[in-house]
Amino acid sequence: AAQEAAVRAQAEAVRRLKQDKADPDEIAKEVAKLLEMKAQLGGDEGKPKFVLKTPKGTRDYGPKQMAIRERVFSAIISCFKRHGAEVIDTPVFELKETLTGKYGEDSKLIYDLKDQGGELLSLRYDLTVPFARYLAMNKITNIKRYHIAKVYRRDNPAMTRGRYREFYQCDFDIAGQFDPMIPDAECLKIVHEILSDLQLGDFVIKVNDRRILDGMFAVCGVPDSKFRTICSSVDKLDKVPWEEVRSEMVGEKGLSPEAADRIGEYVQLHGGLDLIERLLQDPKLSQNKLAKEGLGDMKLLFEYLTLFGITGKISFDLSLARGLDYYTGVIFEAVLLQQENEHVEELVGVGSVAGGGRYDGLVGMFDPKGRKVPCVGVSIGIERIFSILEQRLEASEEKIRTTETQVLVASAQKKLLEERLKLISELWDAGIKAEMLYKKNPKLLNQLQYCEDTGIPLVAIVGEQELKDGVVKLRIVATREEVNIRRESLVEEIRRRTSQP
């Protein structure tokens, strides 16, 4: 009885949370607790005490969600192909040592697999390190490729914001020795094209350079050994104010307050070509070889981006640090700006939707002779983009089609199953996307209703009279207009009526 009372109390708690529109993650946690309590309660019929749920940080995708995902993937892939990329794939797990030491402080998020026969393996954390391994292993020095696949991170997921433990990455990379900043500018153009195409709202692409950061740390008095750890503090500036970052640098990471203040003067700057020119004249920065190189390349990059006509959305931002250890030059991150509309609360904190940069040393880490292959690439944050589109769709209540069926093959009278099967087979063989109801004698009204419910635009009706006359009655679902079409012209007519303008 006590257990039953506890279950009732938990169910009431879940109901209240839903009523108060609490954080979906909190609701999910409480629902899981309720299911577990129910499972323990119902153990007396010898049923296993087993909760049906997906693992933490993962989710299922139903037909509606997959329809949105496919739309997004198709926009991204067509952009990658437009820029001349080939496609590759690599295994979902790698040797553990392949991934070790490539991700800095994030290495603790790698999923290690149990030893299953002599090889220590880990699930891939991103698609960049496997790509570098692939280049070194196959002695490839020149390729432009894209790769879309799932990666795994033992993170604390915030699923409402599109952060998962298993998720897709969409990567585009250019490997090879080329003149400076031309491939880098193309990567930024690709991000601009994809985000404009998906119509996610206003965005800005922040750009910086690892060499400018390292040069800045040097002239501000950061010891070499602290570069990477201070870098990861600076990287938090898009989420927390400067005061907090400063106290982390000084309090936790042992940086002198003077050095932290000097860094503060730089990392709060952002702008365009004018800022680059100003920093090139900066007495301290211009004395540093690395920073000078980085600023020179940044100026060149902005000249190319001006020719591409996209500088309106690009911001040179000295606080951008990107946490990964392998970047060596230009780094960038695309951020969605606050939406000024009625769905504001749903789009808060979506943040970064694409990121990337130059990593010239990564392939050399795998090559036995240390041969370097310069690389620059971009990763599109598909899950976050999908999160936004999914929320937007729910808010708009727009109906989304989950199939691409062009025509339903229907019959007006009984005993015409054979004729429907013959006709649908003709249509399938001609490449038409067609369906029929799996009943011998379905009512015409039920068949038409099915089209209304699923958004099928056309119905091909066979009846006794039509069969005698050698025609098929084609009904246009939206207007309810019906026309008789010669059987031999039906395929052409369906194609004409369903082809996209």
Requested in this report: Whole number in Å², please: accessible area per residue of the range 330-473, 1.4 Å probe, ligands, DNA and RNA not counted.
Outcome: 50 Å²
Query raised in the report: In degrees, nearest 10, range 0 to 90: what is the angle between the Cα axis of helix 63-82 and the longest Cα principal axis of the chain?
Result: 60 degrees
Query raised in the report: Roughly how tilted is helix 289-308, in degrees to the nearest 10 and between 0 and 90, from the longest Cα axis of the chain?
Result: 30 degrees
Query - Dimensions (Å) - the chain, Cα atoms, principal axes, largest first - result: 91, 69, 55
Report task. Relative to the longest principal axis of the C-alpha atoms of the chain, give the angle of the C-alpha long axis of helix 24-41, reported between 0 and 90° and rounded to the nearest 10°. Result -> 60 degrees
Query raised in the report: Binned at 5 Å from 0, what are the whole-percent values of the Cα-Cα distance distribution for the range 1-41, short to long?
Result: 6, 28, 31, 20, 12, 5, 0
Query raised in the report: Across the range 407-497, how large is the tail of the calculated P(r) beyond 20 Å, expressed as a percent of all Cα pairs?
Result: 25 percent
**Report entry** Entries of Lys108/Lys144; Lys433/Lys473; Lys108/Lys369; Lys102/Lys369 with Cα pairs more than 22 Å apart
**Finding:** Lys108/Lys144; Lys108/Lys369
Query raised in the report: So what is the calculated 222 nm ellipticity per residue for the chain, using -39500 (n - 2.57) for each DSSP H run with n of 4 or more, over all residues, to the nearest 500 deg cm²/dmol?
Result: -13000 deg cm²/dmol
Report summary line: As a Kirkwood estimate from alpha-carbon pairs, the range 136-291 has a hydrodynamic radius in angstrom of 18.9 Å
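Ranked highest first by average number of other Cβ atoms within 10 Å, how do 231-240, 410-419, 109-118 line up?
Highest-to-lowest ranking by the protection proxy: 231-240, 410-419, 109-118.
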Report task. Go through Met159, Ala175, Phe131 and say which Cα lies farthest out towards the positive end of the charge dipole of the range 129-181; charges sit on Cβ, +1 for Lys and Arg, -1 for Asp and Glu. Result -> Met159
Query - Solvent-accessible surface (1.4 angstrom probe) belonging to Lys18, in square angstrom, nearest 10 - result: 120 Å²
Query raised in the report: Counting only protein heavy atoms, what percent of the accessible surface of the range 365-501 is carbon or sulfur at a 1.4 Å probe?
Result: 50 percent
Report summary line: Between the alpha carbon centres of the range 426-485 and the range 104-162 the gap in Å comes to 49 Å
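The values are calculated or read from the model by the stated rules, or taken from the named source; none is laboratory data. Quick caveat: nothing in here was measured; it's all calculated off a predicted structure. Virtual Cβ from ideal backbone geometry, glycine too; neighbours counted across all protein chains shown. Heavy atoms of the whole protein, side chains included, go into the accessibility calculation; ligands, DNA and RNA do not. Shrake-Rupley method; radii C 1.70, N 1.55, O 1.52, S 1.80 Å.
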